[in-house]
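A short write-up of the structure that comes next.
None of the figures in this text is laboratory data; all of them are computed from the coordinates on show. Note that this is a predicted model, so its numbers are computed, not measured. No Cβ is skipped: glycine too gets one built from the backbone with ideal geometry, and neighbour counts run over all protein chains shown.
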Protein chains: 2
Amino acid sequence: MLNYYWKEEQEKNWILEETYFDDRHQGKCESIMALGNGYLGLRSSVEEPYIGQTRNLFVAGTYNKFDENEVTELPNAADIIEMLIDINGELFSLKNGKIHHYSRRLNLKAGELIREVLWENSTGERYHIIFRRFVSLADMHLIGMKLEITALTADAEVILRTGINGRQTNSGVQHFHDGDKRVYENQFMQLVQRTTQSKIDFVLNSTVKMYMDREKVECKTSYFLERRRIHFNGQMPLKKGQTLAIEKISNIFTSLDNDIEIDGDLEELKTISSEHIKKNSKFAYDELFEKSKDQWNLYWKEAMIEIQADDDFDLLAVRFAQYHLLIMTPFHDERFSIGAKALTGEGYKGHVFWDTEIFILPYFQYSFPGVARQLLRYRFHTIEGARNKAKKFGYEGAMYPWETAFTGEEETPEWAAINIMTGKATKVWSGLKEHHITADIAYAVWNYYLSTNDEVFMDLYGSEIIFECAAFWHSRLEWNEGKHRYHINDVIGPDEYTEHIDNNAYTNYMAHFTIKAAIELYDSAIHKQWDNFKCLREKLRLKEKIETYKTLLDSIYLPDPNEAGIIPQDDTFLTKASINIEKYRDSHEKQRILKDYTREQVVNLQVLKQADVVMLLFVLRGSFDETVKRANWEYYEKRTIHDSSLSAAVHSIIANDFNEYEDAYRFFRKAAEIDLGQNPVSSNDGIHAASLGGIWLTVVMGFGGVMNDNGILHIHPKLPKTWRKLSFSLYWKGERINLSITKENVEVRKESEREMDLFIMGKRYILFKELKINDR
Amino acid sequence: MLNYYWKEEQEKNWILEETYFDDRHQGKCESIMALGNGYLGLRSSVEEPYIGQTRNLFVAGTYNKFDENEVTELPNAADIIEMLIDINGELFSLKNGKIHHYSRRLNLKAGELIREVLWENSTGERYHIIFRRFVSLADMHLIGMKLEITALTADAEVILRTGINGRQTNSGVQHFHDGDKRVYENQFMQLVQRTTQSKIDFVLNSTVKMYMDREKVECKTSYFLERRRIHFNGQMPLKKGQTLAIEKISNIFTSLDNDIEIDGDLEELKTISSEHIKKNSKFAYDELFEKSKDQWNLYWKEAMIEIQADDDFDLLAVRFAQYHLLIMTPFHDERFSIGAKALTGEGYKGHVFWDTEIFILPYFQYSFPGVARQLLRYRFHTIEGARNKAKKFGYEGAMYPWETAFTGEEETPEWAAINIMTGKATKVWSGLKEHHITADIAYAVWNYYLSTNDEVFMDLYGSEIIFECAAFWHSRLEWNEGKHRYHINDVIGPDEYTEHIDNNAYTNYMAHFTIKAAIELYDSAIHKQWDNFKCLREKLRLKEKIETYKTLLDSIYLPDPNEAGIIPQDDTFLTKASINIEKYRDSHEKQRILKDYTREQVVNLQVLKQADVVMLLFVLRGSFDETVKRANWEYYEKRTIHDSSLSAAVHSIIANDFNEYEDAYRFFRKAAEIDLGQNPVSSNDGIHAASLGGIWLTVVMGFGGVMNDNGILHIHPKLPKTWRKLSFSLYWKGERINLSITKENVEVRKESEREMDLFIMGKRYILFKELKINDR
């Protein structure tokens, strides 16, 4: 029961609300209402325990591998959220007594989770209970919780039990050695755990304080230690009408943290973290929360998008996306990137895919270019892993793994779920054959450069990525003597329902793009005489390579549209049989088609999991005209189940390009509803990070019509029928531009008076400080 | 809410019943109603999930160590018990709707767990639901479950979800690698797991069948695979008045099993276990259960004890003990022994203590001598571990570890719970200083021999144990020149609240016993010219050793009673201060005294955790007269908190010896109530194996007055006031003797006419076939 239409004017379009608690479907709100700050992610499981609950606390980058048969994953740290609340001998539970009022809500603006319950216990006494929780954006280690209990009808004795529980697992997998547990200064709890294989130390500290009607009080306290957990028991009498406030402040530090210097010394880590909790325990929840809220305010000031539309949901959806895009991004440390489920669930084990570069990076590139730069540095940081993979498969340069974690080695599992009937595991081909990611990364680096002019980054980090990706593609090309062209055989494109295909259009075009970018980059670097480039040129023998690339570039086979205007997804796709896929579209069940067809059968049908040629139309949006876009969208969309969350957003953007506004809006909503929709189980394993990036893409690059065409900014807005106004800011080559778009006008404004070349609705303009185009 | 007074005549004194389900205290019935067969132990957690539930499935001997900082423990295998029962869209739960009738009961006679619920769901429809479950005594790998649902008021759609769930942990510790999971022949589920360090393979298979009004029906079936688990979903419509029966048959095999030959070949293990489930799936639950029940009947026929008493509880308690004594004992394999919590919980990690030899072995020695022999072979099997420990500490012979598992190495944790305030771990001294176990084992072997005359066992296994234990004690003695005696310094006796003491009476007497037994054994073996003994004599250089033992035996210091008749527990005990301990006795809290006093303070007080000198009076029961027994019992009992479950039974037996019948009965009840009493949390970590042996000891050796005094059988019954009759059987030197005791008579009967010397109530008799002593 989700409500997106918060009534109070002040917080309108800032609140996701759950109005009814259904213990059968806890995963949804645990994920979509998750808290975080890029360093840590905390799933929003409720305080009191229920069957079906998943408690998750992840710290970015702290991967561990349980054994050699399993892939590395983000370990689930000790839980600090659980609270057992005993009121007059009865444990508070939404399944006991009567619930007269229930509201759980995430305040996107302030980054606070609030739950309000008017509870009547089984003997008829009423209590008003409010839970609050935040993960600090002002201090990445800090988590605050507050619980207020008002006894409405009678006196009560409250016993609270809460602590640090290191018995958490990842679905049964224990990633930690048990470590020290202690209580110090009679008020702080500390628990240490170390990952079993990566040997990362985690230290968590918690402390609990109580206030009666806002006055600090001492309760009857005891502490308990058990295997892998420690907890506090506090007892407090409460008179009718009084409000007891309980505040729990916790922190988490790891030996991987880059904001402290411990030289691998666990004792030092314990000391630093205890000093931190002691310092913070001097402040009340509200004070600590205010500091975090201030940071959120700064963020929203920078990132604010305004939408005036008939349906308030649209603005809420983009804010929801922006909220999660911030909390999922480890902007504090360039050694990490973003997992496919961010830090909100165990899905995909925290691994990094092409999702980051293609779906998420543009948001940061245009809104916080420094963060985009950091995210791309992750690919530089892990380039050795990519070189290893290339070597392993007999290629040159850098072949980026399909899934990566900390080291940059390939982390894609080799085997997926066992086919239930044969008892045999299904081979996962993505890690072996889904090569386009190596082009996607080069593409992202090149576009980052074109839109930011960040030469320092390019010279130090970006160039090496692009040159090494190009070297991979060069070695990957296969000369086809008959066709007199370079082919790329036996790959998987973005559409993962097709495997082992030759000349996947998306892959071929993107490989071509990469080699072409390398050539342009080389010429530019020579021209600009970059410092680091001189060494790089020697190290990578670029001169000869670029010469070769120049001679072969035009011989790379780029599938043209056929007579019907259709770009063949691959050499054989158009010859395969089609089936009616209506029943599989919009199914709440994951990959529903695999219940009726085997994987092998699906591979031999014209059935797409997700956009593939449409994806190509999106990434090389400036290279295809409206006719091609329409023909291919219409042909392929009919055959696409949209079983991937990456599909909807690009369909929206391309539909807008050929002026099918209703389709564009429909797919925008579809993208927004991947997490916010009514399917109660689809977010169980975590939110869909790429899809959240996609929501922003549809708004800014779709409806806002922003396009980076080879370093030239194009703005061609086409608002949905129900939207009256869209305004947002973006960074372009170091300058912040404000756009305000209505049905009638486009206004573009920037701070400096430096001239900027740009296209608005296809016409070239020179922008100094302000431009207003009326009468569109 | 436990009821021990089952009304139906036929099953009277055979049923433990829970009449109200309290989800806050699930551990009690999970433990005391556990099922098993010595090979496996299955905790009786209910089918549907609740917070606070502990699912445990252990296979004897399959120890694993998670990491070097943790001790080895019995790993918790995959769960097969969980069933989610969806009736018309609502999950069955005792927390939803109304419970009109509830009864969960363990039938001790048949080894079956039954739960009956009359449930009204939240929309007012009523269902009668019966759960049944057994662990087969006829086939050690087999577990059967049956669920019957009758729709009383309306039609219903039932969806059952159940499978094999390998996400179980030991309080957060995962002991298994994930293994293959498959469904075969469209009806059998199989899950494989391998322990991480000991590399033991587990294979579990399950299959589900449905019957409508006793006719087999096919339901709408699907199977699901997830990480570490596999499950079945079956859907079935049910008309008002119909009964749907669901049967789930499961098995478990491990690569340690001694009834199969697999040569470490996992595929072979998988095949054997699938053949097994296929074969058994041809039978209905009732048929499989009948086979198991037949075995239970045979057991009870052999082991039957009759008590006619005012309170039916007394008979139920001894049956409860006998039930658990059977299911805890790995009589199928001499490589294993009995854990302190049997196979019913994670407490003490499945480790073996002196509990087996001193508290449990007598039951088997007198009732199933072959099982006693098997249990003692475990100590022979692990003698190398004991030799290693002796070497490590600079002693000779075999020094048995305080806690052992599979290998016989010391498994006692070095550090216990951290002192919550100092943050420092408490050192555990038992593994280092509690040496009496090496005497206890020799004592048990010697007494087994004296009561069975099992010369083959003694020649092959028992002698080596006794000689090596004696060699240890010889090397352990310290000559005190001043006292001109051998002392044993710096030990812990049975009373673990006293540490680092010199000349613990129990230890000294038992060490003396061991050396004396070695001397007698040697003379006897020479005399009887045992085969194996000849080699052993050479190997262990026994001739010289025994000569030495003979010269020093009488110089071992055995503390005599002082003027007040008190045997000092150790050299300093009687000089320590006493305190009032009333508030700590019978506290439901574990080791309550340690909340008020530090461990160090307790060590320096006259405060006992458990019987120590009284324990000595029990093991050498024939060596002390009534005056000494009374004086010491009265002195020490006042100072004993009985914080150990080993304490009550021996207090009962000794009180009976000096004719304090009320105390004897009171302590019998206290022993019985350790698991059956009203403390709802004391059995959480499992039942108390030694205490269950103790219940039998109080009945047969206490009230029945059976005593083995150096190879002579004494029978000196003293029935409690409320008992009218006690009858039981026992094996003595290969013959089965039936005893029937009333207030007036003692009848002794046996099969053969071979003459047997024995003492009845202190008078010597020769028994041929029958003896009846009237007018006691």
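Between the Cα long axis of helix A:383-392 and the first principal axis of chain A there is an angle of about 60°, rounded to the nearest 10. Averaged over peptide A:166-172, the number of partner chain Cβ atoms lying within 10 Å of each residue's Cβ comes to 6.
Seen against the Cα atoms of chain A and their longest principal axis, helix A:463-476 is set at about 60 degrees. Taking the Kirkwood radius as Rh and the Cα radius of gyration as Rg, segment A:313-703 has a ratio of Rg/Rh equal to 0.94.
Amide H contacts of A:Leu16 (H built 1.01 Å from N, in plane; Pro and chain starts excluded): A:Leu106, A:Leu108 sit under 5 Å, all sequence-distant by 5 or more or on other chains. Kirkwood hydrodynamic radius of chain A, from the reciprocal of the average inverse Cα-Cα distance over all distinct pairs: 27.6 Å.
Applying the criteria of a DSSP loop state and at most 13 other Cβ atoms within 10 Å to the GluC sites (Glu not before Pro) of segment A:8-71 yields A:Glu8, A:Glu68. Taking amide hydrogens as placed 1.01 Å from N in the peptide plane, the amide H of B:Val706 sits under 5 Å from those of B:Met701, B:His716, each at least 5 positions away in sequence or on another chain. For chain B, relative contact order (Cα pairs under 8 Å, six or more residues apart, normalised by length) works out to 11 percent. Every Cα-Cα pair of segment B:1-121 was included, and the share exceeding 19 Å stands at 55 percent.
Computed on the Cα trace of segment A:607-734, the radius of gyration divided by the Kirkwood hydrodynamic radius gives Rg/Rh = 0.97. For segment B:216-292, GluC sites (Glu not before Pro) are listed when DSSP marks them as loop and at most 10 other Cβ atoms sit within 10 Å of their Cβ; the list is B:Glu218, B:Glu261. Only helical runs count toward this figure. For chain B, summing -39,500 (n - 2.57) over DSSP H runs of n ≥ 4 and dividing by all residues gives -9000 deg cm²/dmol at 222 nm. Inter-copy label distances for A:Asn419: 6.3 nm (label point placed 7 Å from Cα along Cα→Cβ; shortest first). For the segment A:173-182, counting C-beta atoms of other chains within 10 Å of every residue's C-beta and taking the mean gives 5. Couplings 3J(HN,Hα) of segment B:185-196, computed from phi: 6, 6, 8, 10, 9, 9, 9, 10, 9, 10, 5, 6 Hz, in residue order, whole Hz [Karplus 6.51 cos²θ - 1.76 cosθ + 1.60, θ = phi - 60°; x for Gly and Pro].
Dividing the Cα radius of gyration of segment A:497-648 by 2.2 N^0.38 Å, with N the residue count, gives 1.32. Provide the FRET efficiency to the nearest 0.05 for the A:Gln308-A:Phe283 pair, computing r from the beta carbons and using R0 = 56 Å. E between A:Gln308 and A:Phe283, to the nearest 0.05, is 0.90. Based on C-alpha pairs under 8 angstrom that are at least 6 apart in sequence, segment A:313-703 has a relative contact order of 18 percent. Here each label is just a point 7 Å from Cα along the line to Cβ, and for B:Arg24 and B:Phe224 those points are 3.3 nm apart.
If one computes the Cα centroid of segment A:382-436 and of segment A:331-365, what distance in Å separates the two points? Answer, in whole Å: 18. When both bridge partners sit in segment A:707-776, DSSP labels roughly 90% of those beta bridges antiparallel. Entry for segment A:240-303 at q = 0.13, 0.24, 0.28 Å⁻¹: log10 I(q)/I(0) = -0.56, -1.01, -1.11, Debye formula applied to identical alpha-carbon scatterers, no solvent contribution.
Stretching the chain fully between B:Asn419 and B:Tyr102 yields a gain of 109.9 nm (0.36 nm per residue, less the alpha carbon separation). A simple charge model with +1 on the Cβ of Lys and Arg, -1 on the Cβ of Asp and Glu and nothing else charged puts the dipole of the protein assembly as shown at about 1080 debye relative to its Cα centre. R0 = 25 Å: FRET efficiency of B:Lys391 with B:Ser555, Cβ-based, nearest 0.05? After rounding, the FRET efficiency stands at 0.45.
Please list, in order, the residues from segment B:47-75 whose amide nitrogen is less than 20 Å from a point placed 7 Å along the Cα→Cβ vector of B:Thr426. The answer is B:70-71. Computed over segment B:292-427, the percent of Cα pairs more than 22 Å apart is 50. With label points defined 7 Å past Cα in the direction of Cβ, position B:Lys291 shows copy-to-copy spacings of 6.9 nm, given to one decimal and shortest first.
Estimated from the Cβ-Cβ distance and a Förster radius of 30 angstrom, the FRET efficiency linking B:Ile260 and A:Gln601 is about 0.15.
Placing +1 on each Lys and Arg Cβ and -1 on each Asp and Glu Cβ, with no other charges, gives segment A:515-609 a dipole about its Cα centre of roughly 480 debye. How big is the Rg/Rh ratio for segment A:55-274, C-alpha atoms only, Rh by Kirkwood, two decimals? Checking Rg against Rh, the ratio lands at 1.00. Annotation for segment B:601-674 versus segment A:61-128: alpha-carbon center distance of 49 Å. Sorted from closest to farthest, the other copies place their B:Asn710 label points 11.1 nm away, with each point set 7 Å from Cα along Cα→Cβ. The C-alpha atoms of chain A define a longest principal axis, and helix A:661-676 lies at about 40 degrees to it. Near B:Ile737, the amide H atoms lying under 5 Å from its own belong to B:Leu730, B:Tyr731, B:Trp732; only residues 5 or more places off or on other chains count, and H is placed 1.01 Å from N. Taking every DSSP beta bridge that has both ends in chain B, the antiparallel portion is near 95%. Rounded to two decimals, the Cα radius of gyration of the protein assembly as shown over 2.2 N^0.38 Å is 1.05. In order along segment A:497-513, the phi-based Karplus estimate (6.51 cos²θ - 1.76 cosθ + 1.60, θ = phi - 60°) of 3J(HN,Hα) comes to 8, 10, 10, 6, 10, 9, 6, 5, 3, 4, 5, 4, 4, 6, 5, 4, 4 Hz; Gly and Pro are listed as x. Computed over every Cα-Cα pair of segment A:106-163 and binned at 10 Å starting from 0, the pair-distance distribution P(r) comes out as 19, 41, 26, 13, 1 percent. The antiparallel fraction among DSSP beta bridges confined to the protein assembly as shown stands at about 95%.
Packing order of peptides A:301-307, B:485-491, A:688-694, highest average first: A:688-694, B:485-491, A:301-307 (average count of other Cβ atoms within 10 Å over each peptide's residues). The convex hull of the Cα atoms of segment A:707-776, projected and averaged over all directions, covers 4.4 nm². Derived scalar couplings between HN and Hα for segment B:284-295 equal 7, 3, 4, 5, 5, 5, 4, 4, 5, 4, 4, 5 Hz in order, rounded to whole Hz, by the Karplus curve 6.51 cos²θ - 1.76 cosθ + 1.60 (θ = phi - 60°), x for Gly and Pro. Per-residue shielding of A:224-235, expressed as the average number of other chain Cβ atoms within 10 Å of the residue Cβ, stands at 2. What sits nearest the axis between copies B and A, counting only chain B Cβ atoms, is the residue and whole-Å distance B:Gln174, 2.
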